[in-house]
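**Student:** The following block contains the structure, expressed as structure tokens.
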Amino acid sequence: MSVPRRSIALRSLAMAGALVLAAGASAGAQDIDDVRDRVGGLRADLEAATGRYEQVWTRVEETNEELAALERRERDLEAEAAHLTELLIARARSVFMHGSTATLHSLLAAQGPQDAVERAGLIAALQHRQGASLEDAIAVRASLDQASRLAADRRADLQALEAELDVLQADLADRLADAETRLASLQERADRQREIDREGQQGVYACPMIPAITHFRDTWGHPRSGGRRHKGTDVFGPMGAEVYAITSGVVARHTSGGLGGISVYLQGDDGNLYYYTHLQGYAPLGAVGTRVEAGDHIAFNGDTGNARGGAPHIHFERKPGGGASVNPYGYLAAACWG
């Protein structure tokens, strides 16, 4: 019966709850509030379960104390009964050997009337005491049997409850881990989001890669091989770095092969279609049809297509209304640097 294990689980839950409360206060998003509520519910569940555990534990401890007291009393009474039995056996032997006059002889051997009275009282007291002790012992043994059954029932209750708590704690731990992971993701996403209000760009946006590990310049219209002109902005970053949704919207489609290699199209709520290419691969939230928020992880930076062998980067385009590309540099600069 492991009280320490229960205490550790409760402390872990308390720390998780504190993390959620602190993060929720700083981010203030509705989904973070939902996670906070979920963890608060888990806290209440575990506290209720541990309350039941403590109640049963207390009952068992009280029963154990009662048992110990009864066992001590039983030992004392058994010792007393044994002593009195020896005295009565000696008396019975004397009666058998000397006949019914033994008591009379004992009284006559007294040194005067007062001594005879005291001897008669002692004999009567011994007889009465022996009977009372046996009755007490029987009563104590009955109480002891009852208390033993009660303690066994309580121990069974405690064992069942501990098994229940083990299952509950494992489930709560899994749900807490999920909540903590989700919360961390939400907090990171909130940290990436930036409220922008500038000409032609209003709403919540996020840099396609962490600003500290990326760099880009305005290269719109620069010459490219085959007489082409650059129709986007190259956002450079480490191979495999997380790539994020620039704004909220729906992952519209994937393409692969050709000049772009692995690519994803994001239909933004702001009416723009955003094109990311030269990717290494897709994140789970980058699946076609997925609803995403600004800053959600949708892909990984790479060098596929005609970028193979060069510095890993995203070729990034903005297509208002899904039409022709326009220079995305201003949108990127505002989302990454403010």
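Please treat every number below as a calculation from the coordinates, not as lab data. These figures come from a predicted structure and were not determined experimentally. Here Cβ is always computed from backbone atoms with ideal geometry, including for glycine, and neighbour counts include all displayed protein chains.
**Student:** In nm, what is the difference between 0.36 nm times the number of residues separating Asp197 and Ala334 and their Cα-Cα distance?
**Tutor:** The Asp197-Ala334 span can extend by a further 48.4 nm.
**Student:** What residues qualify as long-range amide H neighbours of Ile262, i.e. H under 5 Å apart, gap of 5 or more or another chain, H built at 1.01 Å from N?
**Tutor:** Gly257, His278, Leu279, Thr304, Gly305
**Student:** When a footprinting reagent is the concern and you count Cβ atoms within 10 Å, what order do Ser185, Ser263, Ser248 take, fewest first?
**Tutor:** Lowest count first: Ser185, Ser248, Ser263.
**Student:** Ok, one more. Would you tally the net charge around Pro328, using a Cβ to Cβ cut-off of less than 12 Å, leaving Pro328 out, and scoring K and R as +1, D and E as -1?
**Tutor:** Summing Lys and Arg as +1 and Asp and Glu as -1 gives 0.
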